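Each remark here refers to the structure printed beneath this line.
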Amino acid sequence: GSGHDLTEHAVLVSTGGTREPLDPVRYLGNRSSGKQGLAVAEVAAARGARVTLVAANLELPVAPGIDVVPVETALELQAEMDARAADHDVVVMVAAVADFRPADYAASKIKKTHDPADPDAAPSITLVRNPDILAGLVSARGGAASPLLVGFAAETGDETGSVLELGRAKLARKGCDLLVVNEVGAGLTFGADDTTVHVLTRGRDDAVDIGPASKRAVSEGIWDAVVASLHPAG
Ligand code: C5P
């Protein structure tokens with residue numbers, strides 16, 4: 001680590017994966033373990049920051065001293081981030097937010113035979129878009145410099161561009177200050193212990209490449225890049 005270079009900084013991190021309920025017993029979810037966001041939060045705390053962790057369905061123990069705010073859905077996560085962002089110096093959106101949620105919530109469990117007229121029929125699920133929470137934080141901040149906003153993006157290169165090209169485009173589109181681009185592919189990243197990332201900073205052409213390394217070591221590198229943005233040399 002790099003000592004206590006985050007002392008006097010308040011940091012807000014989101015982690016985990018949101019769950020979007022269909023009925024009291026079912027939800028649409030994703031495979032995010034929350035390990036990377038937890039490591040980002042724990043490294044910040046170890047470097048002296050006051051840390052709040054908004055945790056979507058996190059099933060891992062959290063180091064003492066971190067203020068944990070449990071949430072389930074994207075809308076709950078958005079409400080907590082929106083209410084807290086302005087009180088922090090840095091906001092890191094690591095959570096895997098569901099892009100869609102079921103349009104309707106059934107207050108009682110959906111029955112196997114949901115349509116008595118057609119006992120073999122299967123129900124359809126209509127989805128609606130969830131808000132982009134990070135984009136909302138960017139607009140709410142307006143032209144202000146604080147909080148510094150850090151996004152994450154899981155990318156696989158494809159025919160439209162390399163992982164880095166896709167990351168650059170996403171950084172520009174999202175309007176955040178830094179984007180941590182996570183290389184994903186078969187067997188990589190989701191739930192895995194080692195990871196490879198490239199940290200892109202708005203206004204800079206170079207990328208900081210980190211890993212493959214533990215999520216803890218990657219988090220140290222991410223905070224080095226964030227500290228460099230908070231206190232630019234020269
Ligand atoms: O566009 P994409 O989903 O790849 O962007 C990922 C980044 O945006 C992450 O930082 C994630 O936490 C954030 N995000 C968000 N709200 C969404 C979807 C993603 O804040 N609805």
(request) Could you order peptides 70-80, 34-44 by the average number of other Cβ atoms within 10 Å of their residues, highest first? (result) 34-44, 70-80
(request) Find the Cα radius of gyration of the stretch 1-129, compare it with 2.2 N^0.38 Å by division, and give the number to two decimals. (result) 1.33
(request) Note the angle between two axes, namely the Cα long axis of helix 215-230 and the longest principal axis of the Cα atoms of the chain, as a number of degrees from 0 to 90, rounded to the nearest 10. (result) 60
(message) Which residue, ALA207, LEU171, PRO64, has the largest displacement toward the positive end of the dipole of the chain when charges sit on each Cβ (Lys, Arg +1; Asp, Glu -1)?
(response) PRO64
(message) How high is the relative contact order of the stretch 69-173? Use alpha-carbon pairs under 8 Å, at least six apart in sequence, and give a whole percent.
(response) 33
(request) Scan around SER33 for amide H atoms under 5 Å from its own, H built in the peptide plane at 1.01 Å from N, and keep only partners 5 or more places away or cross-chain. (result) GLY191
(message) Considering the Cα positions of the stretch 94-201, please state its Rg to one decimal place and its Dmax as a whole number of Å.
(response) 19.4, 59
(message) Using 32 Å as the Cα-Cα cut-off, could you pick out the over-long pairs in LYS109/LYS215; LYS174/LYS215; LYS35/LYS174?
(response) LYS109/LYS215
(message) What do you get for the angle between helix 163-174 and the principal long axis of the chain? Use alpha-carbon atoms, 0 to 90 degrees, nearest ten.
(response) 80
(request) Go ahead and run the numbers for FRET between ASP193 and ASP224, Cβ-Cβ distance against an R0 of 22 Å, rounding to 0.05. (result) 0.60
(request) Run down the aspartates and glutamates and flag those whose C-alpha is under 15 Å from the C-alpha of LYS112, throwing out any fewer than 8 positions away in its chain. (result) ASP23, ASP120
(request) Please give the helix 35-46 orientation as an angle from the longest Cα principal axis of the chain, in degrees from 0 to 90, rounded to the nearest 10. (result) 40
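Can you check what the net charge comes to around PRO102, using other residues whose Cβ is under 10 Å from the Cβ of PRO102 (Lys, Arg +1; Asp, Glu -1)?
Details: positive: ARG26, ARG101; negative: GLU20, ASP23, ASP104.
Spelling it out: positives minus negatives among the neighbours equals -1.
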(message) From Cα pairs below 8 angstrom and at least 6 apart in sequence, can you work out the relative contact order of the chain, rounded to a whole percent?
(response) 19
(request) Assign unit charges at the C-beta atoms only (+1 for Lys and Arg, -1 for Asp and Glu), then state the dipole size of the chain relative to its Cα centre in Debye, rounded to the nearest 20. (result) 260
(request) Could you check how many percent of all C-alpha pairs in the chain are farther apart than 29 Å? (result) 29
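By how many nm would the segment from ASP23 to ASP158 grow when fully extended, if each residue of separation counts as 0.36 nm and the alpha-carbon distance is taken off?
45.0 nm
Read-outs: derived from the displayed coordinates by stated rules, not from any lab. Predicted, not measured: the structure shown is a model, and the values here were computed from it. Positions of Cβ are backbone-derived with ideal geometry, glycine not excepted, and every protein chain shown enters the neighbour counts.
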